[in-house]
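Please read the structure below before turning to the comments.
The values are calculated or read from the model by the stated rules, or taken from the named source; none is laboratory data. On a predicted model such as this, the values are computed, not experimentally measured, just so you know. All Cβ positions, even for glycine, are placed from backbone atoms using ideal geometry, and neighbour counts span all protein chains on display. These area figures cover heavy atoms from the full protein model, side chains too; ligands, DNA and RNA do not enter into them. Shrake-Rupley method; radii C 1.70, N 1.55, O 1.52, S 1.80 Å.
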Amino acid sequence: MVVRPIRWRPPPAHGRQRGQAMVEFAIIALVLILLIAGGIELALAAFSGQRSSDAARAAVADWVYATGNAGVYMSSATPLECSEDPVYGIYGENCVDWQISNSPHVEPPLPEPQVGLGDHAQSFDRPACDPNDAAVYDDGLPDDSVTNPDDPGTAVYLFNPRPIDLTDCIGQDGDDASRTRRAVLIEKLPALNRALYSSYQKHCGDADGNEVICGDPAVVSTYLRLPGRLDPVTDTVGIGVLDNDPDSPGFQFPLDAAPRPAFEIECAPGGTTDYGACDTMDSDAGRDEPVCWREQDSMEPVPLACEVRVRVRYRYVFNAFLQFPFMYWQDPLPPEALEQLDRGPGGAGTVGSEVARGNVRRLQRTFLGCWETVTIGPTAGMQGSRNLRACN
């Protein structure tokens, strides 16, 4: 019997190439996933930034509409000729004055008083659906709002800073079965809230008003709000701003004593840029001159077509792969910073919150939308023209 030695034969070349291609694809696929996920999240962040600008512009446009645009104020070289006038009020047609006298919110013949800017510093309610009547909704604005369906008031509100309560917005509208109650409620909100609606996030609360993870058995309410810290006292969202200079001794400490409001409004006398606190029908807000309201002896205050500036702050928190390289090199945030940031339900650092587990800050970007009114004119004896311009 002849014994022949067994010769080793190398595997076919195409087998080795197949294994090499799988390894190469695994490496490239990981990079591609990172790029695609990062690109999508960057696009969403850019979209959110544009929404914040659109929302501020929508609010200012609301005020331009409420003041009647060019027909609400007159001027004259001889203001002492002011006299009683049935159309233009006690200041007359030929006065240097910014009295609102023909707002579209008021049906002719022109009654008194005219509409004016509402007090945005007072308490609002959460917009909500009526739990007992499928055709009734509450926009959460104060009772003196011009949108009050039962008794329209004289105040124009440009936004509602509180979350949108969707707990009872179940099913179809009582007047139009083709529409959901949720859609009808959103339609009744001020233009700023409607423009920013796609950027609101869903949250849930328990019976004590604490935020809990949606799906928890303790959930009794569902609402929409913007990213940021929800103040338990005012029930409004604030944006904590930290020192981001690593060479600063206050690195990662708050720059302000309290978070900055997500919605902010400032006012200036008509035709000026002296922006500051807005006076109201009942308060001068510490201003030396009338801004949006002028007091009169033994009469209701006169609403004025003041200049308005609206800021919308929106914080986008990155939750995809982009955040990971930026999270784990950071030191835990100091307690002062944690108090101003959203840590998620129970402080657990859930997805979407500004602080992750370990009290490190997630990668985030804050967008600012700012728009204001600007008046061209008026000149002597002529009407002025009111326009909008960006201010961020």
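At-a-glance table
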quantity: Residue in region 203-225 that is of a type in the set (Val, Ile, Thr), in contact (Cβ under 8 Å) with a residue 60 or more places away in the chain and more than 30 Å from SER103 (Cβ to Cβ) present; calculated: yes
quantity: Total residues in region 33-63, condition open to solvent by less than 30 Å² (accessible area, probe 1.4 Å), modelled with pLDDT under 90 and among the aliphatic types (A, V, I, L, M); calculated: 2
quantity: Residue check for PRO269: touching an Asp or Glu at 6+ places or on another chain (Cβ under 9 Å) and modelled with pLDDT under 90; calculated: yes
quantity: Of the criteria (1) under 30 Å from ALA195 (Cβ atoms); (2) in a loop (DSSP other than H, G, I, E, B), which one ILE265 fails; calculated: (2)
quantity: Residue in region 132-141 that is of a type in the set (Ser, Thr, Tyr) and at pLDDT 90 or above present; calculated: yes
quantity: Residue within region 234-257 that is open to solvent by 50 Å² or more (accessible area, probe 1.4 Å), part of a strand (DSSP E or B) and either farther than 29 Å from ASN359 by Cα or not acidic (Asp, Glu) (or both) present; calculated: no
quantity: Of all residues in region 161-176 being within 14 Å of ASP130 (Cβ to Cβ) and among the acidic types (Asp, Glu), the one that is surrounded by the most Cβ atoms within 10 Å (Cβ to Cβ); calculated: ASP165
quantity: Residues that are closer than 16 Å to GLY140 by Cβ, open to solvent by 20 Å² or more (accessible area, probe 1.4 Å) and within 19 Å of the chain's Cα centre (by Cα), drawn from region 177-221; calculated: ARG182, GLU187, LYS188, ARG194, TYR197, TYR200
quantity: Residues of region 264-312 that turn out to be out of contact with any helix residue (DSSP H, G or I) (no Cβ under 7 Å at 6 or more places or on another chain) and buried (at least 17 other Cβ atoms within 10 Å of the Cβ), as a count; calculated: 27
quantity: Hey, GLU81 over 29 Å from ARG225 (Cα atoms), among the acidic types (Asp, Glu) and at pLDDT 50 or above or not; calculated: no
quantity: Check on PRO301, more than 26 Å from the chain's Cα centre (by Cα) and at pLDDT 90 or above; calculated: no
quantity: Which listed residue, of ASP119, ASP143, is open to solvent by 70 Å² or more (accessible area, probe 1.4 Å) and either part of a loop (DSSP other than H, G, I, E, B) or farther than 19 Å from PHE263 by Cβ (or both); calculated: ASP143
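Rundown of residues vs (1) farther than 22 Å from ARG313 by Cα; (2) among the polar types (S, T, N, Q); (3) at pLDDT 80 or above; (4) crowded, with 18+ Cβ neighbours inside 10 Å, yes/no style:
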position: ASP342; (1), (2), (3), (4): no, no, yes, yes
position: GLY346; (1), (2), (3), (4): yes, no, yes, no
position: GLU354; (1), (2), (3), (4): no, no, yes, yes
position: LEU363; (1), (2), (3), (4): no, no, yes, yes
position: LEU368; (1), (2), (3), (4): no, no, yes, no
position: GLU372; (1), (2), (3), (4): no, no, yes, yes
position: GLY377; (1), (2), (3), (4): yes, no, no, no
position: ALA390; (1), (2), (3), (4): no, no, yes, no
